[in-house]
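Step one of this worksheet: look at the structure below.
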Amino acid sequence: MVLQANMKRSEIAYIAGLFDGEGDVGIYPYKATKNGKLYPKLTARIHNTHKQALDWVYEKFGFGLVCMDRKGIKQSGNPARKQSYVYIVAHKKAREFLKIVMKYLIIKKNKVAKVLKEDNLYMNRER
C-alpha cells in the first residue's frame, strides 16, 4: 500500500485518532437505482463540529466527501447544539482509507479488522 504522497506518518496518526474518537465503520445495505437490488456498501465516516478539520482530512486523502451531518440542529431541535459535519468514504475508497489508518488505530482496530474481513467475504461472493 502506498501512502498518500502529501501525507506524513504523524498526519495519518492524527487522522486515525479522529476516526478512533469520532468515527464509525460498517457495511450497510444500499439500493441500486438501476435494478432495485440491495447490495452491501462498506462505509467509513468521521463526525466533527469543525468542518475545517474534515476538509483537511479530505485534502490529505484526496477522496471522500465532506457534508453537513443530517443529525444536526434540525433533528435535535436544540439551537444550542452545534452543527456537525461528516467526512464519508465508501466502497473501494473506504477500504483504502481504513488500510492506511489501521496501523494507528487503538479503540476501533478490532472492529475495523472485523468489518474489512466481512467486506472481503462480500467482495469474493460478487466475483
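The values are calculated or read from the model by the stated rules, or taken from the named source; none is laboratory data. Source: prediction; values computed, not measured. A quick note on method: Cβ atoms are made from the backbone with ideal geometry, for glycine too, and the neighbour counts reach across all protein chains shown.
Where helices (runs of 4 or more DSSP H) fall wholly inside segment 14-105, the ranges with 1 or more residues that are free of Cβ contacts under 8 Å to residues at least 24 places away in the same chain and of a type in the set (Val, Ile, Thr) are 73-76. Restricting attention to segment 79-111, the residues that are small (Gly, Ala, Ser) and in contact with a Phe, Trp or Tyr (Cβ under 9 Å, 6 or more places away or on another chain) total 1. Of the residues screened, Glu118 is one that is out of contact with any Cys (no Cβ under 6 Å at 6 or more places or on another chain), modelled with pLDDT of 85 or more and more than 19 Å from Ala16 (Cα to Cα).
Yes or no, residue by residue, for (1) closer than 19 Å to Val115 by Cα; (2) at pLDDT 95 or above:
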{"site": "Ala5", "(1), (2)": "no, no"}
{"site": "Ile12", "(1), (2)": "no, yes"}
{"site": "Glu22", "(1), (2)": "yes, yes"}
{"site": "Lys34", "(1), (2)": "no, no"}
{"site": "Lys41", "(1), (2)": "yes, no"}
{"site": "Ala44", "(1), (2)": "yes, yes"}
{"site": "Lys82", "(1), (2)": "no, no"}
{"site": "Lys92", "(1), (2)": "yes, no"}
{"site": "Val101", "(1), (2)": "yes, yes"}
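Scanning segment 19-55 for residues that are of a type in the set (Phe, Trp, Tyr) and under 15 Å from Lys109 (Cα atoms) yields a total of 1.
Checked against the criterion of being surrounded by 12 or more Cβ atoms within 10 Å (Cβ to Cβ) and in contact with a Pro (Cβ under 9 Å, 6 or more places away or on another chain), segment 92-110 contains not a single residue that satisfies it.
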